[in-house]
Amino acid sequence: MNDEVKPKRSRKAKQDLSQSEKVLEKAKQIPESLRATYLKAMSGKSRRAAMRAFCQECVCYSRAQVRDCTGYTCPMYPYRPYQGGTDEPEPESGEPEPEEEEGEECV
Ligand code: SF4
């Protein structure tokens with residue numbers, strides 16, 4: 001018989017672990033060049049990153065499709081990134097996003 005006592009984790013701790021695991025799992029499926037934006041958004045510290053990540057996910061991670069979006073009635077439309085061109089730098093990180101990785105299956 002195993003008398004080892006396992007530390008109990010609260011339901012909240014289990015839920016948090018589960019959420020962070022899910023976020024990391026999803027991040028692995030996002031093109032590497034856009035992954036940092038998603039993780040920044042999920043940190044809860046950047047609304048701008050959240051808007052970028054939302055639009056990127058909406059169009060399967062294609063900057064050109066975000067820029068050329070025709071979802072005129074979407075609440076994100078006035079705020080969508082890349083309206084100034086595909087080489088628009090990532091404003092908050094100071095690091096421009098590398099060239100777009102396209103052609104992979106949308107996640
Ligand atoms: S603005 Fe366009 S790309 Fe962004 S979420 Fe809306 S429909 Fe999708």
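Annotations
- Taking the stretch 59-107 as the range and being at pLDDT 90 or above and within 17 Å of Ala27 (Cα to Cα) as the test, the residues that pass are Val59, Cys60, Tyr61, Ser62.
- The set of residues in the stretch 59-85 being under 17 Å from the mean Cα position of the chain (by Cα), in a loop (DSSP other than H, G, I, E, B) and either hydrophobic (A, V, I, L, M, F, W, C) or more than 6 Å from the ligand (Cβ to nearest atom) (or both) consists of Val59, Cys60, Tyr61, Ser62, Met76, Pro81, Tyr82.
- Of the residues making up the stretch 14-49, just one is of a type in the set (D, E, K, R) and not in a helix (DSSP H, G or I), namely Lys45.
- Between Gln15, Gln19, Gln56, Gln29, the distinction of being within 16 Å of the ligand (Cβ to nearest atom) and either at pLDDT below 95 or polar (S, T, N, Q) (or both) belongs to Gln56 only.
The values are calculated or read from the model by the stated rules, or taken from the named source; none is laboratory data. Just so it is clear, the structure is predicted and the values come from calculations on it, not from any experiment. Here Cβ is always computed from backbone atoms with ideal geometry, including for glycine, and neighbour counts include all displayed protein chains.
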